[in-house]
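Structure record follows, encoded as structure tokens.
The values are calculated or read from the model by the stated rules, or taken from the named source; none is laboratory data. Just so it is clear, the model here is predicted, and its values are computed rather than measured. Here Cβ is always computed from backbone atoms with ideal geometry, including for glycine, and neighbour counts include all displayed protein chains. Side chains are part of the model used for accessible areas, which takes the heavy atoms of the whole protein and leaves out ligands, DNA and RNA. Shrake-Rupley method; radii C 1.70, N 1.55, O 1.52, S 1.80 Å.
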Amino acid sequence: MTRGYRVLQRVPLRSSNTFGIDACAPRLVEVDEADALPGLLAAGLLGDASAPAMVLGGGSNLLFARDPECTLLRLCGARIDIIDDRDPAHVVVRAEAGVDWHALVMWSLAQGLGGLENLALIPGTVGAAPIQNIGAYGVEVGERIVAVEAFDRDRGVRVRLDHVACAFAYRDSRFKRTPDREIVTAVEFALSRHSAPRLGYAGLGEELAAMGIVMPSPADVGEAVIRLRRRKLPDPARIGNAGSFFKNPLVPTAQAQALVAEHPDLPLYPAGDPGRRKLSAAWLIEACGWKGHRDGDAGVAAGHALVLVNHGSASGRQLLDLAVRIRDSVHARFGVALEPEPRIVGASWPA
Ligand code: EPU
């Protein structure tokens, strides 16, 4: 009889993190079925409070500053099912945590379902998507999420957390705030049968116009997003990176206005809160001269100042040191504190 999981020892992680960092896991547990999690907890394989096991998704939002000391978990379940099609406007789709994110987007578009198209080509897994509330081109995944299924390791039970309980915010959710509590096992999405394209984000309408499309379907929007991303962001299969390394900072409105008075071309975005504005971190970093900068194999992408890159054999520590220098220079020049987007393993972000 299968236990529903496999335990691997001393596992090289270079191909399991999109930065391509040469780390090694002491132990990796591959979990086929969420039903195996209570048994793993009982067997001590989910770690303990001092060293909880960490879920490895697509490794696209992680920086290994050194080898992890805890056990890593990989959720392998990869089913996609329509679980409710009674509503004339929406269907509810349930995808297991191990589904590749972009594969889910392409599956939904092949079914003629809209809602995820602006999030095409984001690296990672479905299970990781709600954790940092992935977002791109004017859409955040939390807007489409009905519920997240998870294993609550404090209580040893499976739970279903509805949209409100997930507490989504910009690049944030309850799962990011308490990363070691719930293990996401599946996500339920409300997807639209009718096209309602979200084209407000700069560049998207222009890309569709360049494709000669006037009334875009969700698949057309997905294709435009893919073209934009391919042009602007380095492909992790060719050059190690974790997408945006910094979050766009949210600052008090008065501070944002003072900065824009001095730097009229600094992009400002609403922050979903009248007292604050979101600034473009890429603009701030580029203004400090970092775009295309390189220290050995650790660098800043030539095409996008928000993306740190590993040109070959940079260590996580070298990338972290570069990130801290960028943070310090932006703070010294603009008085704005940048925060990292990826989870840093084996080091803390210095104050
Ligand atoms: N800009 C610069 N220099 C650069 C790049 C951009 O000054 O090198 C300025 C330009 O003014 C540009 C503006 O920044 O118009 C916005 O750039 P972009 O559209 O690339 O968006 P972003 O704010 O830099 C965010 C997300 C990306 C997402 C894009 C598109 C964050 C931290 N990043 O980047 O998400 O793809 O919007 O929606 O919110 C990721 O999270 O990993 C990621 C790639």
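Distance between the pseudo-spin-label points of E69 and V159 (7 Å out from Cα toward the beta carbon): 2.7 nm. Average accessible surface for the range 5-75: 42 Å² per residue, computed with a 1.4 Å probe over protein heavy atoms with every protein chain in place. If you wrap the Cα atoms of the range 80-192 in a convex hull and average its projected area over all directions, you get 6.6 nm². Here the chain yields Rg over Rh of 0.96, to two decimals, using C-alpha coordinates and the Kirkwood radius. At full extension, A254 and Y201 could sit 16.7 nm farther apart than now, given 0.36 nm per residue minus the alpha carbon distance. Using the Cβ-Cβ distance between A78 and I213 with R0 = 41 Å, the FRET efficiency computed as 1/(1 + (r/R0)^6) comes to roughly 0.80. Descending by average beta-carbon neighbour count within 10 Å, the peptides 294-303, 167-176 line up as 167-176, 294-303, the highest first. Averaging the Cα positions of each part gives two centres, and for the range 140-164 and the range 17-51 these lie 19 Å apart. Each Lys and Arg contributes +1 and each Asp and Glu -1, all at the Cβ; summed about the Cα centre of the range 240-345, the dipole is approximately 140 debye. Candidates G292, S244, G44 compared by Cα position along the dipole of the chain: farthest toward the positive end lies G292, with charges placed on Cβ. Mean separation of Cα pairs under 8 Å and 6 or more residues apart, divided by the residue count, gives the chain a relative contact order of 16 percent. The range 5-75 gives an Rg/Rh value of 0.96, both radii derived from C-alpha positions and Rh following Kirkwood.
Compactness of the range 230-351, taken as the C-alpha radius of gyration over 2.2 N^0.38 Å, stands at 1.07.
Subtracting the Cα-Cα distance of D295 and R325 from their residue separation scaled by 0.36 nm leaves 9.7 nm. One decimal place: the segment H263-W349 gains 28.1 nm when fully extended, by the rule 0.36 nm per residue minus the C-alpha distance.
A cut-off under 12 angstrom between Cβ atoms defines the neighbours of H293, and their net charge, with Lys, Arg +1 and Asp, Glu -1, is +1.
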